[in-house]
Amino acid sequence: MIDVVYFAWVRERIGLPKERLDTSAATARDLVEELKMRDENYAAAFADLSAIRVAIDQELAEFDTSLASAREVAFFPPMTGG
Amino acid sequence: MSVRVQSEAFDAGAELNVFTLAQSGAGAVVSFSGIVRNNATGDLVAMEIEHYPAMTEQALETCRAEAVDRWLLTGALIIHRYGRLVPGDTIMMVATAAPHRADAFAASEFLMDYLKSRAPFWKKEHSGSGEAWVDARGEDEDALARWDEPKL
C-alpha cells in the first residue's frame, strides 16, 4: 500500500487531496500510467507530464525513480513559492 | 529557529533585527522580502498559498544547509507563509549573514532561486476575473541552473 497525495491544480483536476492505493507500479511513471487508466479526471491531470513534478517520501524525485519501499508519492505542478 | 513555515503574518523588520543581533562574527547582513503585488489589472483580491506540509520544512532546511555549505556564512534565515494573503502582505523573507558582503549577497540570491523552484509552495490568484494558479516561470528554473555552473 502506498499513500498518493496531490497538490494545487493536480489535486483539483483529480478531485481529491490524498488516497491510499494498492499498486504494483515499479516507478512513479508506472503509477501515473495506472492512474490514467482509472478515469478522465486522472487522464486530464496527467496529460502532460512535463507540467508535473513528483516527490517520493517527501523528496523531489524523477518519474523513473523506483517506488520500492516508498510510503508516499506526491504529484504536483512546478512550484511557485517566494 | 532558522526555518519557519507559518500562516501568521510576521514583521520582517523585527525578524531582521533579531537575526542580526544573533550573528557574532558577521560583517554583512543581506535580507530579501517577497510581497504580494497586485496584478496587471489591479483587481487582485487575494493570493492563496498552498504547500505540502510533510515536505516543506525539510525542503527549506535542505536549501538553507546548501547555502551554508557553499558560502562562508554566520547564519541564514528563511520564513515562508501559507494560506490566504492580500496585496501588500509579506509572503516570505530570507536573511543571510557573513563576514563579508559578497557571500551574504550570493547566498541570499541562491536561497531565493532555490525556493522558487524547489520548495513545495503553489500560488493561486483570486481576482475580479476568477481564480487561477500561478504558472511556474522558465526564468526561475534558469536562475537556479546558474548555480550548477562551476564557480570561476
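Structure above, values below:
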read-out: Square roots of five times the Cα gyration tensor eigenvalues for chain B, Å; value: 28, 18, 14
read-out: Rg followed by Dmax, in Å, when region B:81-145 is reduced to its Cα trace; value: 14.7, 48
read-out: Average partner coverage of B:112-120, which counts Cβ from other chains inside 10 Å; value: 4
read-out: Volume of the Cα convex hull of region A:5-82, divided per residue and given in Å³; value: 89 Å³
read-out: Region A:5-82 versus region B:92-152: alpha-carbon centroid distance in Å; value: 24 Å
read-out: Cα→Cβ-extended label distance, 7 Å offset, between residue A:59 and residue A:72, nm; value: 1.5 nm
read-out: At R0 = 25 Å, FRET efficiency that the Cβ-Cβ distance of residue A:21 and residue A:50 yields, to 0.05; value: 0.60
read-out: Residues of type aspartates and glutamates that residue A:36 reaches as a straight line, Cα spacing below 17 Å, ignoring anything fewer than 8 places off in the same chain; value: A:3, A:12, A:19, A:22, A:48, A:64
read-out: Pairwise label distance in nanometres, residue B:11 with residue B:54, each label 7 Å out on the Cα-Cβ vector; value: 3.8 nm
read-out: Helix runs (DSSP H) in chain B reaching 24 Å along axis by Cα, Kyte-Doolittle at least -1.0; value: B:53-70, B:101-118
read-out: Fraction of beta bridges assigned by DSSP in chain A that are antiparallel (%, nearest 5); value: 75 percent
read-out: Cα Rg, Dmax, region A:1-47, angstrom units; value: 10.0, 26
read-out: Pair-distance profile P(r), taking every C-alpha pair of the protein assembly as shown, with 10 angstrom steps and integer %; value: 7, 29, 32, 22, 9, 1
read-out: For residue B:84, net neighbour charge (Lys/Arg +1, Asp/Glu -1) across residues whose Cβ lies under 13 Å away; value: -3
read-out: Structure-based [θ]222 nm, chain B - -39500 (n - 2.57) summed over DSSP H runs of at least 4, per residue, nearest 500; value: -11500 deg cm²/dmol
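A short reminder: the numbers here are calculations on the coordinates, not readings from a lab. Remember, it's a predicted structure, so these values are computed and weren't measured experimentally. Neighbour counts run over all protein chains shown; Cβ positions are idealised from the backbone, glycine included.
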